[in-house]
Amino acid sequence: MKMVGFIGGGRIARIMLEGWKRAGALPRAVVIFDTNSEQATRLASIAPEIRSGSPAEAASADLVIVGLHPPVLAEALPAIKGHLKPEAVLLSLAPKVTFVGLSNLLGGFSRLARQNPNAPSIVGEGYNPIAFSAGVPEAERHMLLALMVPLGDCPVVEERTIEAYALISAMGPTYLWFQFKELKRLAVEFGLTDAAARQAVAAMVNGASATLFESGLAPDDVMDLVPVKPLAADEAAIVAAYRDRLKPLFQKLTYPA
Ligand SMILES: NC(=O)c1ccc[n+]([C@@H]2O[C@H](COP(=O)([O-])OP(=O)(O)OC[C@H]3O[C@@H](n4cnc5c(N)ncnc54)[C@H](OP(=O)(O)O)[C@@H]3O)[C@@H](O)[C@H]2O)c1
């Protein structure tokens with residue numbers, strides 16, 4: 001990928017750029033356009049390969065990554081469509097707006113991909129499902145997938161699943177991080193060193209996940225492996241919170257307004 005342009009240089013752009021930098025895999029040239037120029041300048045300070053540029057410069061890259069929230073696309077995409085090179089690929093990181101919607105906003109441009117990356121990409125541990133429109137040739141698919149390798153897993157998925165991944169793997173860390181943070185704090189309060197607390201929580205989280213999904217045991221059998229459950233009385237409220245918060249948001253992302 002010769003040049004990568006970002007339209008929108010916010011959190012997800014930073015996550016990807018820091019992830020590539022950490023892996024020593026930054027694209028040769030990256031141009032960022034963000035309406036908040038301070039934000040673009042901040043990202044440009046990550047590495048010499050990255051610079052702040054105009055919408056035209058970012059949109060005329062070989063790969064144009066759109067890191068904008070869905071409501072902004074209706075205005076932002078028509079403004080850049082004239083700058084897209086015919087051989088470029090545009091990768092949208094936004095949920096809700098489909099290939100058909102993107103193509104309409106881009107005057108029929110059809111070399112489109114959509115992805116729902118997640119924040120662990122910043123340490124190369126992301127889960128970053130990607131969908132390709134029919135207009136993206138095989139060679140460009142391979143190039144895009146190779147670019148994503150340093151950020152973590154990048155399964156090719158059907159477009160209709162992108163919003164499910166938005167709720168589960170992209171927003172998922174936010175459901176858990178505050179709990180990990182509190183557990184680690186308590187571990188230190190209970191006498192572990194900072195390093196031991198971090199190691200214990202991280203190992204417990206990874207092991208708990210492997211036990212539930214890889215042990216071959218039924219979920220109820222897994223949960224019966226530990227008889228003392230201090231949060232048992234809170235479980236119903238926590239499960240209800242997941243359902244009450246996530247289901248309406250999923251509907252909002254998957255049905256037209
Ligand atoms: N963060 C994640 O972990 C994550 C994961 C998967 C997918 N995504 C998706 O990625 C998209 C961006 O998310 P984010 O977390 O990066 O949001 P963010 O941190 O709010 O970044 C968006 C950036 O775009 C700028 N902007 C707004 N309008 C613009 C325009 N017309 N042209 C150029 N820049 C513009 C914003 O500036 P102002 O702040 O000044 O408006 C902001 O700096 C969303 O669709 C989100 O669902 C995010």
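The values are calculated or read from the model by the stated rules, or taken from the named source; none is laboratory data. Quick caveat: nothing in here was measured; it's all calculated off a predicted structure. Glycine also receives a Cβ, built like all others from the backbone with ideal geometry; neighbour counts cover every protein chain displayed.
Points to keep in mind about this one:
- The condition (being modelled with pLDDT of 95 or more, farther than 17 Å from ALA131 by Cβ, among the aliphatic types (A, V, I, L, M) and in contact with a strand residue (DSSP E or B) (Cβ under 6 Å, 6 or more places away or on another chain)) is satisfied by just one residue among LEU43, LEU91: LEU43.
- Condition met for VAL30 (away from the ligand (no atom under 12 Å from the Cβ), of a type in the set (A, V, I, L, M) and over 18 Å from the mean Cα position of the chain (by Cα)): yes
- Scanning region 55-80 for residues that are farther than 20 Å from ARG14 by Cβ and either hydroxyl-bearing (Ser, Thr, Tyr) or surrounded by fewer than 15 Cβ atoms within 10 Å (Cβ to Cβ) (or both) gives ALA56, SER60, PRO71, ALA74, GLU75, PRO78, ALA79.
- Considering residues of region 132-154 that are out of contact with any helix residue (DSSP H, G or I) (no Cβ under 9 Å at 6 or more places or on another chain) and not charged (D, E, K, R) only, the residue nearest to GLY24 (Cα to Cα): VAL149
- Of the numbered criteria (1) more than 17 Å from LEU26 (Cα to Cα); (2) touching a residue at least 24 places away in the same chain (Cβ under 8 Å); (3) surrounded by fewer than 17 Cβ atoms within 10 Å (Cβ to Cβ); (4) more than 20 Å from the chain's Cα centre (by Cα), the one ALA47 fails is (1).
- When LEU176, LEU192, LEU249, LEU217 are checked against the criterion of being surrounded by 10 or more Cβ atoms within 10 Å (Cβ to Cβ) and in contact (Cβ under 8 Å) with a residue 40 or more places away in the chain, a single residue qualifies: LEU249.
- Odd one out for GLU163 among (1) more than 13 Å from the ligand (Cβ to nearest atom); (2) over 22 Å from GLY124 (Cβ atoms): (1)
- Test: residue in region 174-189 that is away from the ligand (no atom under 16 Å from the Cβ), within 24 Å of GLY101 (Cα to Cα), out of contact with any Leu (no Cβ under 9 Å at 6 or more places or on another chain) and of a type in the set (Asp, Glu): no
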